[in-house]
Amino acid sequence: DVLAELEIAISEHNFRITGHSRVGKVIRDRSTKDFPNYDTLQFCNLTHAKTLLLMSPHAVRHMPCNIVTYEYNGKTIVRTHLMPTDTNNSELNAFAEK
């Protein structure tokens, strides 16, 4: 259910899912039946990506956006990382803040 809600939220903000890694499922399929879910969704908005890369070609390391989900102590955890807002490029910092 969490992944479905994330996919809806991503699309509602004009981003597209570019990848989905199901690490937990693959480990279960290969050898460990009770291994928990570990999923990574990758997503991107090409308009934002173009703006970002024109500001700094080095910002490609922040692409695509990633969000991970995993089960821990009976709960589903959702995590991501944010772009840095303290670089030497004030335009990039403002973009990251937005």
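Computed from the coordinates by the stated procedures, all read-outs in this text should not be read as laboratory data. A quick note: this is a predicted structure, and the numbers were derived from the prediction, not measured. Backbone-built Cβ (ideal geometry, glycine too); neighbour counts: all protein chains shown.
Placing a pseudo-label 7 Å from each Cα along the Cα-to-Cβ vector at M83 and V26 gives an inter-label distance of 2.8 nm. By the count of neighbouring beta-carbon atoms within 10 Å, fewest first, E91, E12, E71 end up ordered E12, E91, E71. Straight-line cross-link partners of K75 among the lysines, defined as a Cα under 29 Å from its Cα and at least 8 positions apart when in the same chain: K25, K33. Placing unit charges on the Cβ atoms of the charged side chains and taking the dipole of the chain about its Cα centre, the candidate lying farthest along the positive direction among L53, V78, P36 is P36.
For K98, a cut-off of 15 angstrom between C-alpha atoms picks up these aspartates and glutamates, skipping any fewer than 8 places away in its own chain: D86.
How big, in percent, is the set of alpha carbon pairs in the stretch 2-97 lying more than 24 Å apart? Summing the P(r) of the stretch 2-97 above 24 Å gives 34 percent of all pairs. Using R0 = 30 Å, the C-beta based FRET efficiency linking K33 and T76 works out to 0.95.
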